[in-house]
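**Q** This is the structure, below, for whatever I ask next.
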Amino acid sequence: MNKKNSLILALDVVSRDKALNLTELLVDHFDAIKVGYPLILHAGLGIVEEISSISPVIADLKIADTPNTNRLICEAVLGAGADAIIAQAFPGKDSLVACADCAESFGADLFVVTEMSHPGAEQFMAPLAERMARLAVESGASGVVAPATRPERIRLIRSIIGDKLIISPGVGAQGGSAGEALQAGADYLIVGRSVYGSADPLASTKELLDQIQSNYSNEI
Ligand code: 3DU
């Protein structure tokens, strides 16, 4: 994944045509398109192949099963053209290593969820997030998913994972701020509803890009 604008589009629409239209419209402004269950279950796995011919694709299946089942899931979605997968850490190291090994065999990236961005994640995930971040590093992941809604948690996770990547959902519809997430150490912001649900997705993307740009110029 080449860093251009530090932005990943979460394409949680459920129509194939809408997904492809939005991809064509926005491809120049996003470093990758993240697709997950909503789109794949509605449009079929073929949508991964179609979008991957236009943009890098991150398959957000939050894979969380036994090592063998994880491998089968990774093979299916990476075989369809995804460039990266997202897996959960909580099933343990053997399950995560199965994803890492499969990603490596495809030359793809693995991102591991540490703590999710919604309020409920504070219940079970937050107390274990630091251990899950360490496990991601030990398992050979390219990076982790950490919450833009809690920038202080991004900062903590950054201190654990060194120069691995942080991709960060929660900006916009979930209330997180682009500037604060980047300042805390996120490499990429994941943005969904505030772009694809907007009356003018291109204008909303440009507003976000302005915020990101002013964050980087404030650093200089
Ligand atoms: O809230 P939004 O519409 O901007 O979309 C955020 C996306 O990121 C969405 O696809 C969701 O499934 C994903 N995500 C989280 O929101 C929180 C996480 O911890 C991990 C992924």
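**Q** Hey, can you grab everything whose amide H is under 5 Å from the amide H of A84? Only 5+ residues off in sequence or another chain; H modelled, so Pro and N-termini drop out.
**A** The answer is V57, A59, D109.
**Q** Follow-up. Give the aspartates and glutamates reachable from K3 as a straight Cα distance under 13 Å; neighbours fewer than 8 places away on the same chain don't count.
**A** Result set, ordered by chain and number: D28, D31, D187.
**Q** Rounding to the nearest 20 debye, state how big the charge dipole of region 1-158 is about its Cα centre with +1 on each Lys and Arg Cβ and -1 on each Asp and Glu Cβ. Intermediate values should be presented prior to the final figure.
**A** Working: 14 positive and 20 negative charges, 95 e Å.
Using only the charged Cβ atoms, the result is roughly 460 debye.
**Q** Another question, if that's okay. Could you quote the convex hull projected area for the chain, Cα atoms only and averaged over all directions, in nm²?
**A** Numbers: hull surface 43.7 nm².
Averaging across all directions leaves 10.9 nm² for the Cα convex hull.
**Q** On average, how much accessible surface per residue is there in the chain, in Å², for a 1.4 Å probe, leaving out ligands, DNA and RNA?
**A** Values: 9630 Å² over 220 residues.
Accessible area per residue: 44 Å².
**Q** For region 1-55, max minus min Cα coordinate along each principal axis, in Å, sorted largest first?
**A** 30, 18, 17
**Q** Based on alpha-carbon atoms only, what is the radius of gyration of region 73-180 relative to the globular estimate 2.2 N^0.38 Å?
**A** Against the compact-globule rule of thumb, the ratio is 1.04.
**Q** Whole-Hz ³J(HN,Hα) for each residue in region 114-127, computed from phi via Karplus 6.51 cos²θ - 1.76 cosθ + 1.60 with θ = phi - 60°, x for glycine and proline: what do you get?
**A** 9, 9, 7, 8, 7, x, x, 5, 6, 5, 10, 7, 4, x
**Q** A follow-up question, please. In sequence order, what are the phi-derived ³J(HN,Hα) couplings for region 207-218 according to the Karplus relation 6.51 cos²θ - 1.76 cosθ + 1.60 with θ = phi - 60°, rounded to whole Hz, with x for glycine and proline?
**A** Whole-Hz 3J(HN,Hα) from phi for region 207-218: 4, 5, 4, 4, 4, 5, 4, 6, 5, 5, 6, 5.
**Q** Considering only Cα-Cα distances, which of the following residue pairs are longer than 26 Å: K18/K206; K18/K93; K18/K164; K34/K93; K4/K93? Please report the intermediate quantities before stating the final value.
**A** Numbers: K18/K206 20 Å; K18/K93 38 Å; K18/K164 33 Å; K34/K93 24 Å; K4/K93 32 Å.
Where the Cα-Cα span goes over 26 Å, the pairs concerned are K18/K93; K18/K164; K4/K93.
**Q** Which is farthest toward the positive dipole end of region 26-101 among H29, C99, S55, measuring Cα position about the Cα centre, with Cβ charges +1 (Lys, Arg) and -1 (Asp, Glu)?
**A** Positive-most Cα among the choices belongs to C99.
**Q** Amide H of A64: which non-local residues (sequence gap of 5 or more, or other chain) have their own amide H closer than 5 Å, using H built in the peptide plane?
**A** Q88
**Q** Starting from the coordinates of the alpha-carbon atoms of region 17-103, obtain the Kirkwood hydrodynamic radius over all distinct pairs and give the value in Å to one decimal.
**A** By the Kirkwood definition, the hydrodynamic radius is 13.2 Å.
The values are calculated or read from the model by the stated rules, or taken from the named source; none is laboratory data. This structure is a prediction, so every number in the text was calculated from the model and none was measured. So basically every Cβ, Gly included, is an ideal-geometry build from the backbone, and we count neighbours across all protein chains shown. Surface areas here come from the heavy atoms of the whole protein model, side chains and all, with no ligands, DNA or RNA. Shrake-Rupley method; radii C 1.70, N 1.55, O 1.52, S 1.80 Å.
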